[in-house]
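These notes concern the structure reproduced below.
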Amino acid sequence: MEQSAITRFVTVAAGRFAPGHLGELTQQVPFEMVDAVLAETGAVQRRVRDLPSRVVVYLLLAGCLFAELGYRQVWLRLVAGLDGLDVADPSQTALSKARRRVGPKPLRALFELLRGPAAATPAAAVRWRGLLVCAIDGTTMSVADAPATVTRFSKQRGGPTGGSSYPMLRLVAVVSCGTRSIIDAVFGPTSTGETRYAARLVPSLHAGMLVLADRNFAAGYLVAAIADAHADVLVRVKTGRGAPKLPVLRRHQDGSYRSTFGGTLVRVIDAQITIATTKGQTTGVYRLLTTLSDPRRYPALEVITLYHRRWEIETCYLELKSSILGGRVLRARTPAGIDQEVYALLTTYQILRTAMTDATNTAGIDPDRASFTTALHAARDQLVKAAGVIAETTIDLIGTIGRLVLDYLLPDRRLRLNARTVKRAISKYNARGPNIDRRTYKATLAIELLPRHALTAGPEP
């Protein structure tokens, strides 16, 4: 392909995918940004190619929109609207070589530029008493069972079925509640635990942030590290066997008390939570530990209620693993390829989440009401339906996503209860027993603050 044709191709193909903002806002992934990360990481092609590095980056991002397809089929969708241009027709082998040539570093650098909390209006959607509400948690993802991947990623052992069928990687992220945008993320082998990965995320925390975490993250050194970063933390701790010793240093009028944990001054709140549905009610006793030490500024009842928002990071992982990937194994068959694909996945997710927040901001709507599925399918449709586009034309991708998101808003959030179990198994056999109630129930919540006494652990709220 001649240089002029390459330029036209890159302009159209990249412009069609690189999302822009609504109205006066600039594009999310302009060519200049991609070119900058390619130059910074030394991944710019050294000669004129049918597959310039810039195009390969957009191909990798587009591949995340069509996780069910091989890259050859993704390429055909990427160039579907370029009739009349002398575009390349690369083979699967050529596309594989191009991805290896670019490597994972540009995708990691691109994610580093785009990660961070999306600004939302109204501010109450993402902040509580002036603090940016975040959640930290981990998940696992399946990678291809190839000779190269098992050198870094191992299969999980144990369990009634004998462990995982595929090698696994562990992903740990900090997510902004409300917008579900990714503030930072790390991943690697499952041989490293969640709290160790979480410690690598501490440099991304700062004053004005409140981090919500479950019991797996109740480690003294981690709480101390978050406090040293001048961020605040709210974490659930065990109350039964293996519960940490929390000496009472001072009691507050609301029933909470001051203590120390991992050498850090903390406040402990005990509460009994009752969830009632038409089928009955469930009651559990919970102990939360926080660095929010002022009971007047941060009332205990509000703190307990706020902790439920930790589950918003579970929605983020659902969208990554189910909505985008459809529960599929990652394509890459080498460790470097896996790094590249995961960073492309995180970047694509962040682009969509930012687009959704931009859309709800224009209408002053809570970002909770934006549908990720609507945004994902809108992005897919725009990629394929850009037929007849001409060179040097910018497609208003974010505008289209935003309009569809606003047209198909979700209802206001309501409290519901659902058993934490597999609702539909891939196997024909029953998932976790035949007598599990998989229906969803509307629920009401009652919270009672408790004085300090011997507690018994309850189920996760």
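The values are calculated or read from the model by the stated rules, or taken from the named source; none is laboratory data. Since the structure is predicted, the reported quantities are computational estimates derived from the model, not experimental observations. Because the Cβ atoms are built from the backbone with ideal geometry, glycine has one as well, and the counts that use them run over all protein chains shown. Surface accessibility is based on the protein's heavy atoms, side chains included, excluding ligands, DNA and RNA. Shrake-Rupley method; radii C 1.70, N 1.55, O 1.52, S 1.80 Å.
Based on this model, can you work out whether Ala124 counts as modelled with pLDDT under 95 and either buried (at least 17 other Cβ atoms within 10 Å of the Cβ) or in a strand (DSSP E or B) (or both)? Here the answer is no, as Ala124 does not meet what is asked.
Collect the residues in the stretch 104-131 that are within 16 Å of the chain's Cα centre (by Cα) and without any contact (Cβ under 8 Å) to a residue 24 or more places away in the chain, keeping them in residue-number order. Scanning the stretch 104-131 gives a single hit, Glu112. Per the listing Arg115, Arg129, the residue uniquely in contact with a helix residue (DSSP H, G or I) (Cβ under 9 Å, 6 or more places away or on another chain), within 17 Å of Arg180 (Cα to Cα), open to solvent by 10 Å² or more (accessible area, probe 1.4 Å) and of a type in the set (Lys, Arg) is Arg115. For the stretch 201-238, give me each residue that is among the small types (Gly, Ala, Ser) and either open to solvent by 10 Å² or more (accessible area, probe 1.4 Å) or within 19 Å of the chain's Cα centre (by Cα) (or both). If the condition is that a residue be among the small types (Gly, Ala, Ser) and either open to solvent by 10 Å² or more (accessible area, probe 1.4 Å) or within 19 Å of the chain's Cα centre (by Cα) (or both), then Ser204, Ala207, Gly208, Ala213, Ala218, Ala219, Gly220, Ala224, Ala225, Ala227, Ala229 are the ones that fit. Would the stretch 303-319 turn up any residue that is without any contact (Cβ under 8 Å) to a residue 60 or more places away in the chain and either within 27 Å of Phe153 (Cβ to Cβ) or charged (D, E, K, R) (or both)? Taking every residue of the stretch 303-319 in turn, at least one turns out to be without any contact (Cβ under 8 Å) to a residue 60 or more places away in the chain and either within 27 Å of Phe153 (Cβ to Cβ) or charged (D, E, K, R) (or both). Looking across the stretch 247-262, just one residue is modelled with pLDDT under 95 and within 22 Å of Arg196 (Cβ to Cβ), and that is Gly262.
Scanning the stretch 201-217 for residues that are in a strand (DSSP E or B) and hydroxyl-bearing (Ser, Thr, Tyr) returns no hits. Only residues that are in contact with a helix residue (DSSP H, G or I) (Cβ under 6 Å, 6 or more places away or on another chain), over 19 Å from Val37 (Cα atoms) and not β-branched (Val, Ile, Thr): list them for the stretch 334-357, please. Residues satisfying the conditions are Leu352, Ala355, Met356. Among the residues of the stretch 224-246, those identified as modelled with pLDDT of 95 or more and over 23 Å from Ile447 (Cβ atoms) are Ala224, Ala225, Ile226, Ala227, Asp228, Ala229, His230, Ala231.
Once the stretch 173-200 is narrowed to residues that are of a type outside the set (A, V, I, L, M) and assigned to a helix (DSSP H, G or I), the residue that is most open to solvent (accessible area, probe 1.4 Å) is Arg196. Among the conditions (1) under 26 Å from Gly81 (Cα atoms); (2) open to solvent by 30 Å² or more (accessible area, probe 1.4 Å); (3) of a type in the set (A, V, I, L, M); (4) at pLDDT 90 or above, the only one that Met356 does not satisfy is (2).
Every residue, every condition in (1) touching a Lys or Arg at 6+ places or on another chain (Cβ under 9 Å); (2) among the small types (Gly, Ala, Ser), yes or no:
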site	(1), (2)
Ala300	yes, yes
Thr305	no, no
Trp311	no, no
Thr315	yes, no
Ser322	no, yes
Pro335	yes, no
Gln340	yes, no
Tyr343	yes, no
Ala355	no, yes
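When the residues of the stretch 282-306 are narrowed to those that are loosely packed, with under 15 Cβ neighbours inside 10 Å and within 13 Å of Ile447 (Cβ to Cβ), which ends up farthest from the chain's Cα centre (by Cα)? Here the residue is Thr283.
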